[in-house]
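A short write-up of the structure that comes next.
Each reported figure results from applying straightforward, stated rules to the coordinates on display, with no laboratory input. For clarity, every value in this text was computed on a predicted model and none was experimentally measured. Note that we place each Cβ from the backbone using ideal geometry, even for glycine, and neighbour counts take in every protein chain shown.
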Amino acid sequence: MTTERLTTELEDILKAGDIIRRGGLVAFPTETVYGLGANALDAEAVRSVYAAKGRPSDNPMIVHIAETSELDPLIKGGLDGISEVTRKAMDAFWPGPLTIIFPKSDTVPYATTGGLDTVAIRMPSNRTAYMLIAAALRPVAAPSANISGRPSPTTAEDVLEDMDGRIDAVIMGEQCDVGIESTVLDLTGEVPTILRPGIITKEALTEALGMEVVYYNALLERPVAEADPESGVADTEFKPKSPGMKYRHYSPKARVRLIEGSAEEFAAKARELGLEAIRNGQRPAILDYEEDELTAAHDLFADLREFDRQGYDLILIRTLEQSGLGFSVMNRMLKSAGYDIVN
Ligand code: TXA
Ligand code: MG
């Protein structure tokens, strides 16, 4: 299959919408990371997304919409059934990098939700994403547009690196603003629960919802510590609420190790480990975001991919403080390092 390169001009976006309506796959920019879009209501199209990504089919997808009215047919009870707290979350953060879990209606195929009775929905703020969903005239199921297990793509070039020849088209947009995936918020239980941390933090959600918001327990543990490098499956007995969590994630080819401490402590330890690597015939790379969480979020995945292209064997990264956005970025760093922290 030849993967068509499309621009962000209206004519090309209309073409991309056509491809999605016909059951094809189009990668497109969002404010978080690039998504790999398919018609969310077409089980066959959704199955081809799993195939293109090499993704286990029990890992559910996020359904992207352009307007609140599109939510009505997708969720149980429709728009009228939405709770007050859910309404607050939507009003505060949509369009934007917040994914909300709803009980699903019969309209949404189980292929899209990985067999779950809930559906994850997000309204992106990125203009190209918005126009594509509008042009498709369908809700668009879109996981991150990477091969399963690799760092999510934040540029069109990163998408092509993984997906060229495997999908119908890529909209060649700009680099993503945020750089890490959306916050996933479960509002189907008693307590609002963050299943995946993102740029919309626990603190911001607590404030907007006017009630306590918690992290899903497994976010505070080490669910992928023993991941099998072949399958990427950490533990077949582990049944997390957010099924994506049980798979190996964000892994460049190089080994990633995290180092805690001040700038000086990091530099000293990184030099020690770097020299040791060089003595063993390896090429080490050193990465310190200097406690700048926004830059770390924006650059992390792009940097991991760039180090791979340059053939590094070992990437030594300085940790961030695990609060606010730092917690969200550390969630990705920890996974890419297989929870290997040097202290
Ligand atoms: O920022 C994003 O969310 C990007 C862009 C493209 O929108 N998309 C994305 O999709 O990151 P993906 O498939 O890579 O991650 C979806 C996450 C997974 O962790 C999955 O387990 C969780 O959302 N998820 C999806 N549906 C769910 C559901 N019904 N219940 C719980 N978790 C769900
Ligand atoms: Mg992903």
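Couple of notes before you dig in:
- Compared with the dominant principal axis of the Cα atoms in the chain, helix 43-53 is inclined by about 10°.
- Under the shape rule built on the C-alpha gyration tensor, where the axes satisfy a ≥ b ≥ c, segment 10-73 is rounded, since a/c falls short of 1.5.
- Sequence ranges 28-38, 58-68, ranked by mean other-Cβ count within 10 angstrom, highest first: 28-38, 58-68
- Looking at the chain, the DSSP beta bridges with both ends there are about 40 percent antiparallel.
- Estimated vicinal HN-Hα couplings, Hz - segment 203-213 in sequence order (Karplus 6.51, -1.76, 1.60; Gly, Pro = x): 5, 5, 5, 4, 5, 5, 8, x, 7, 5, 10
- Counted residue by residue at 0.36 nm each, then reduced by the alpha carbon distance between them, the extension gain from ARG283 to ARG47 reaches 81.0 nm.
- Residues ARG127 and THR107, FRET efficiency given R0 of 35 Å [Cβ-Cβ distance, rounded to 0.05]: 0.85
- Entries in LYS15/LYS104; LYS76/LYS335; LYS202/LYS335 that, when Cα-Cα distance is taken, lie over 23 Å: LYS15/LYS104; LYS76/LYS335
- The amide H of LYS76, built 1.01 Å from its N in the peptide plane, has LYS104, SER105 as neighbours under 5 Å, considering only residues 5 or more places off or on other chains.
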